[in-house]
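Here is the structure we will look at, set down as structure tokens.
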Amino acid sequence: MLEREIAIGVRGKDLEIENQDSLGLAVALIGIDPSRNGENLSDPYLWFVLENNTKVETEKIVGQQSLPGESKKIGENVIDTLTGAIAEITNSDFVIRNNLFVMPESYVKGAISIRGNPVDLMSVVYQGSLSISFQPVDEKEVTGYKWETLSELNAQIQKSPEKVRKFTRDVVVMELSARKIGRVAGEFIHNPIARVPLSALLPQSFSSIRQFYQERERRQDVRVFDRIFIRK
């Protein structure tokens, strides 16, 4: 299998993905509807899920709204973790192979943290109608919720922060100052030659998202430590 920590060329600029000692990966799924001519690029729509379980060690509570995210399995690389997170978004192999893209600035190493453990962020673009409602592979884990802008979510956080998972609140804070997600949305519209289909990054053994999920669930999650996370 091709090691994904080497750079993947995209016409003059590379998407650099590194293996690192992270707890897992959060996914900002950006919705770009071609019929809307790139509107809302400064505040793009993102796909959110609802947590169906409480897990204290990863700071999630049943019923909370959240970005899709996935804990890293022992020994896997970033692309494997990303594919696992995609299973929290959709069970559609067609969507995964035809409608999802990444850009040169999609990957942010250690963007946020959970209990002091670094968590990476990957901004993935969904190109298609925003009337779609995604169904995850394992509906016992999460429920597909809705498209919402971060501004709308931030207004909700100001009223009831406990209704939004902590790492998702942290992504909002990051985005308000750094616009990591917004830049990916703009790059997708203005630099189409740099788009990389997600299908080009999938593990070589990938045949379907359901099969990948079932096999991956047999592996053990990395351990969560309580520690101080010092950003370099």
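Just checking, does region 48-62 include any residue being closer than 15 Å to residue 128 by Cα and either of a type in the set (A, V, I, L, M) or modelled with pLDDT under 95 (or both)?
In the first step, residues of region 48-62 are kept if they are closer than 15 Å to residue 128 by Cα; the result is none.
There is no residue in region 48-62 that is closer than 15 Å to residue 128 by Cα and either of a type in the set (A, V, I, L, M) or modelled with pLDDT under 95 (or both).
In region 98-194, which helices (runs of 4 or more DSSP H) lie fully inside it and hold 2 or more residues that are modelled with pLDDT of 95 or more and within 13 Å of the chain's Cα centre (by Cα)?
Details: elements: 150-159, 166-178, 180-190.
Qualifying helices (runs of 4 or more DSSP H): 166-178, 180-190.
To keep it simple, each residue is scored yes or no on (1) among the aromatic types (Phe, Trp, Tyr); (2) touching a residue at least 24 places away in the same chain (Cβ under 8 Å); (3) under 21 Å from residue 41 (Cα atoms); (4) surrounded by fewer than 12 Cβ atoms within 10 Å (Cβ to Cβ).
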site	(1), (2), (3), (4)
147	yes, yes, yes, no
158	no, no, no, yes
163	no, yes, no, no
167	yes, yes, no, no
177	no, no, yes, yes
181	no, yes, yes, no
185	no, yes, yes, no
206	yes, yes, no, no
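Tell me, which residue of region 1-33 that is at pLDDT 85 or above and of a type outside the set (A, V, I, L, M) is surrounded by the fewest Cβ atoms within 10 Å (Cβ to Cβ)?
Pass one, region 1-33, residues at pLDDT 85 or above: 22-33.
After this cut, where a residue has to be of a type outside the set (A, V, I, L, M) as well, the list is 22, 24, 31, 33.
Values: 22: 21, 24: 24, 31: 21, 33: 18.
Across region 1-33, the extreme among qualifying residues is 33.
Quick test for you: out of 103, 122, pick the one residue that is surrounded by 22 or more Cβ atoms within 10 Å (Cβ to Cβ) and over 24 Å from residue 169 (Cβ atoms). Explain how you work it out, then say what you get.
Values: 122 fails: over 24 Å from residue 169 (Cβ atoms).
From the options 103, 122, the qualifying one is 103.
If residue 56 passes every condition in (1) out of contact with any helix residue (DSSP H, G or I) (no Cβ under 9 Å at 6 or more places or on another chain); (2) crowded, with 18+ Cβ neighbours inside 10 Å; (3) of a type in the set (A, V, I, L, M, F, W, C) but one, which one does it miss?
(2)
Okay, residues lined up against (1) touching a helix residue (DSSP H, G or I) at 6+ places or on another chain (Cβ under 8 Å); (2) not small (Gly, Ala, Ser):
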site: 63; (1), (2): yes, no
site: 67; (1), (2): yes, yes
site: 77; (1), (2): no, yes
site: 90; (1), (2): yes, yes
site: 93; (1), (2): yes, yes
site: 98; (1), (2): yes, yes
site: 140; (1), (2): no, yes
site: 148; (1), (2): no, yes
site: 155; (1), (2): no, no
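Restricting attention to region 59-76, report how many residues are surrounded by fewer than 19 Cβ atoms within 10 Å (Cβ to Cβ) and closer than 17 Å to residue 213 by Cα.
4
Given the residues 183, 169, which is the only one that is more than 20 Å from residue 33 (Cβ to Cβ) and either touching a His at 6+ places or on another chain (Cβ under 6 Å) or of a type in the set (Lys, Arg) (or both)? Break it down stepwise before answering.
Details: 183 fails: more than 20 Å from residue 33 (Cβ to Cβ).
Within the list 183, 169, the selection yields 169.
Suppose the filter is within 11 Å of the chain's Cα centre (by Cα) and among the aliphatic types (A, V, I, L, M); does residue 87 pass it?
So residue 87 passes the test.
With respect to residue 41, determine if the residue is at pLDDT 60 or above, surrounded by 14 or more Cβ atoms within 10 Å (Cβ to Cβ), in contact with a Gly (Cβ under 7 Å, 6 or more places away or on another chain) and hydrophobic (A, V, I, L, M, F, W, C). Talk me through it step by step, then tell me what you get.
Values: at pLDDT 60 or above: yes; surrounded by 14 or more Cβ atoms within 10 Å (Cβ to Cβ): yes; in contact with a Gly (Cβ under 7 Å, 6 or more places away or on another chain): yes; hydrophobic (A, V, I, L, M, F, W, C): yes.
In short, yes.
The values are calculated or read from the model by the stated rules, or taken from the named source; none is laboratory data. These numbers come from a predicted model, not from an experiment. Neighbour counts run over all protein chains shown; Cβ positions are idealised from the backbone, glycine included.
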